[in-house]
Each structure stands twice: as C-alpha cells, then as structure tokens.
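Let me begin by presenting the structure, written as structure tokens, before commenting on it.
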Amino acid sequence: MQTEELRDLAVTALNDMKARDITVLDVRGKTSITDYFIIASGTSDTHVKSTAEAVAFEAKKAGEP
C-alpha cells in the first residue's frame, strides 16, 4: 500500500468515526520518520480511543502492520 493510500484510509476511518478537526500535515522532507502526520480530536476520552482503534483496525484489514 502506498503512503497516500494509507493516509486516505486513516482519514476515511476518522471521518466514519466522526472525529473532529482532522488535519493532515505533509512532513516529507522535514523528517525521516514519516511522510504524513494526522491530527484529530474527539468529544471524549472514549471517543478518541475508539477512533484510534478504528484506524488501527482498518489498517490491519488492509494488510498494514
């Protein structure tokens, strides 16, 4: 899976879980750790945890570690 596809998968999962204030930062060329940094917020601790779990589940379902 290409980096852009993984980014889109994460953003879609965040949107599906009704995450708020989703921001994607392109950090290519600024760090060697990652290409994109995705920031989102939720309405409660439980909402944030379930949103993070949904992103991880969708990535695993797509074959990503």
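Points worth noting:
- Counting Lys and Arg as +1 and Asp and Glu as -1 over every other residue whose Cβ lies under 15 Å from the Cβ of Phe57, the net charge comes to -1.
- Within the full protein context, the accessible area of Glu53 is estimated at about 130 Å² for a probe radius of 1.4 Å.
- Simple spin-label estimate for Thr46 and Ile33 in nanometres, 7 Å along Cα-Cβ: 3.2
- For Thr43, the solvent-accessible surface computed with a 1.4 Å probe is close to 100 Å², ligands and nucleic acids excluded.
- Value of relative contact order over the chain, rounded to a whole percent, pairs C-alpha under 8 Å and six or more apart: 36
- Computed from the Kirkwood radius of its Cα pairs, the Stokes-Einstein diffusion coefficient for the chain at 10 °C and 1.306 mPa s stands at 129 µm²/s.
- Dipole moment magnitude, nearest 20 debye, the chain about Cα centre, only Lys, Arg, Asp, Glu C-beta charged: 120
- Inter-label distance, Ala59 to Thr23: 2.0 nm, where each label sits 7 Å from its Cα along the C-beta direction.
The values are calculated or read from the model by the stated rules, or taken from the named source; none is laboratory data. Please read all numbers here as calculations on a predicted model, not as lab measurements. Neighbour counts run over all protein chains shown; Cβ positions are idealised from the backbone, glycine included. Calculation scope for accessible area: heavy atoms of the full protein, side chains included, ligands and nucleic acids excluded. Shrake-Rupley method; radii C 1.70, N 1.55, O 1.52, S 1.80 Å.
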